[in-house]
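Contents: one structure, followed by commentary.
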Amino acid sequence: RPKCRWNPGVPLGVPHQVMENDIYREMLIPKGSLVFANIKAMSLDDSVYSRATSFYPERYLPKPGGNEEPPFINLAFGFGRR
């Protein structure tokens, strides 16, 4: 998992087609547009991962007294409808 987060096999993810007009941050995304989720950028986001640009596999070890998984643990494998 650390390697997949650090260097995802498909950095821009698989394209998804917008099913209906959508507004994102005041920008229209027309129906039929192809969008890409920048998995590489999400994987290196400091607001999600502490020391995001460091190879730190210990972040995936269970925390004492907690059973919460790290955020986006399977992000490198994609998301959305299949």
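The values are calculated or read from the model by the stated rules, or taken from the named source; none is laboratory data. This structure is a prediction, so every number in the text was calculated from the model and none was measured. When we count neighbours, we look across all protein chains shown, and the Cβ atoms used for this are built from the backbone with ideal geometry, even at glycine.
Quick notes on this one:
- In the stretch 29-58, the residues that are surrounded by 10 or more Cβ atoms within 10 Å (Cβ to Cβ) and outside any loop (DSSP other than H, G, I, E, B): ILE29, VAL35, ILE39, LYS40, ALA41, MET42, SER43, PRO57
- Scanning the stretch 1-35 for residues that are under 18 Å from LEU75 (Cα atoms), free of Cβ contacts under 8 Å to residues at least 40 places away in the same chain and over 11 Å from the mean Cα position of the chain (by Cα) yields LYS3, ASN7, PRO15, VAL35.
- Within the set ILE29, ILE39, the sole residue that is β-branched (Val, Ile, Thr), modelled with pLDDT of 85 or more and in contact with a strand residue (DSSP E or B) (Cβ under 8 Å, 6 or more places away or on another chain) turns out to be ILE29.
- Some residue of the stretch 12-21 being modelled with pLDDT of 85 or more, in a loop (DSSP other than H, G, I, E, B), acidic (Asp, Glu) and at positive phi: no
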